[in-house]
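Take a look at the structure set out below.
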Amino acid sequence: MPIPEGDIRLVAKFPHRVKSRGSDGEAQREVPEFIVDQMVLRVAMAEDGRTEAIQRLVPGLEWRIHRNGYKPPSENVTEDYGPEDTLRITTEEATYLPSLVSVPIPETVIDELRNPLSNLRSRHTDEYIAKIEAKEAVKTAKEKSVALMKTPLGALNRLGKVALRTEARRRMEEFGTDERIGEAVWRHLTAAKRAQESS
């Protein structure tokens with residue numbers, strides 16, 4: 001039958017738990033079947049240094065996948081794992097549950113991980129906010145003091161601008177500049193309208 005490759009599963013048997021003890025006192029183990037999602041390929045070396053075979057291992061469990069089903073634990077390969085090593089199944093177990101009441105790590109560590117001077121940071125300490133406000137106050141005072149300084153060139157420019165505004169206001173009041181501009185615009189529009197009517 002045509003079977004999709006994605007539907008193929010590797011099913012292996014591994015000892016699960018002690019079921020009972022036999023008449024000779026040896027533990028009888030249940031051997032359930034498991035679907036192996038990942039495996040590690042390893043080259044088994046013979047004593048003379050030659051390659052013996054390629055073995056399949058379940059990562060983190062130290063169990064060897066045999067072609068003919070389950071083998072006793074004494075025949076399992078434990079090349080990469082020793083008694084002092086931590087198994088992956090142990091490291092994946094959740095043993096720490098963080099609380100929402102207390103900070104899980106010191107605040108100094110949080111400041112090292114998250115830049116306290118970043119523009120994207122919205123939560124700041126009171127000390128940092130007071131420091132920034134003091135800097136802004138010094139900057140504002142400096143700008144105001146610069147604005148109060150008067151140089152000869154700046155004073156001349158200011159007098160010139162005041163004189164120009166005064167002269168423009170006097171001419172408008174004396175000669176009626178706004179009224180003359182309005183009359184000129186009205187004459188222009190009237191002449192353009194008469195030219196359209198005559199044509």
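Residues Glu183, Glu143: which one is acidic (Asp, Glu), in the same structural domain as Ser118 (by TED's automatic domain parsing) and either surrounded by 10 or more Cβ atoms within 10 Å (Cβ to Cβ) or closer than 30 Å to Ser118 by Cβ (or both)?
Details: Glu183 fails: in the same structural domain as Ser118 (by TED's automatic domain parsing).
Step by step, each of Glu183, Glu143 is checked, and only Glu143 is acidic (Asp, Glu), in the same structural domain as Ser118 (by TED's automatic domain parsing) and either surrounded by 10 or more Cβ atoms within 10 Å (Cβ to Cβ) or closer than 30 Å to Ser118 by Cβ (or both).
Quick one: which of Arg170, Arg88 is in contact (Cβ under 8 Å) with a residue 12 or more places away in the chain and among the basic types (Lys, Arg)? Working first, answer last.
Working: Arg170 fails: in contact (Cβ under 8 Å) with a residue 12 or more places away in the chain.
After ruling out the rest, the residue left standing is Arg88.
Among the residues of segment 55-78, what is the count of those that are modelled with pLDDT under 80, touching a strand residue (DSSP E or B) at 6+ places or on another chain (Cβ under 6 Å) and either loosely packed, with under 14 Cβ neighbours inside 10 Å or under 24 Å from Gly6 (Cβ atoms) (or both)?
Number satisfying all stated conditions: 1.
The values are calculated or read from the model by the stated rules, or taken from the named source; none is laboratory data. All of these numbers come straight from a predicted model, not from anything done at the bench. Note that each Cβ is placed from the backbone with ideal geometry, even for glycine, and that neighbours are counted across all protein chains shown.
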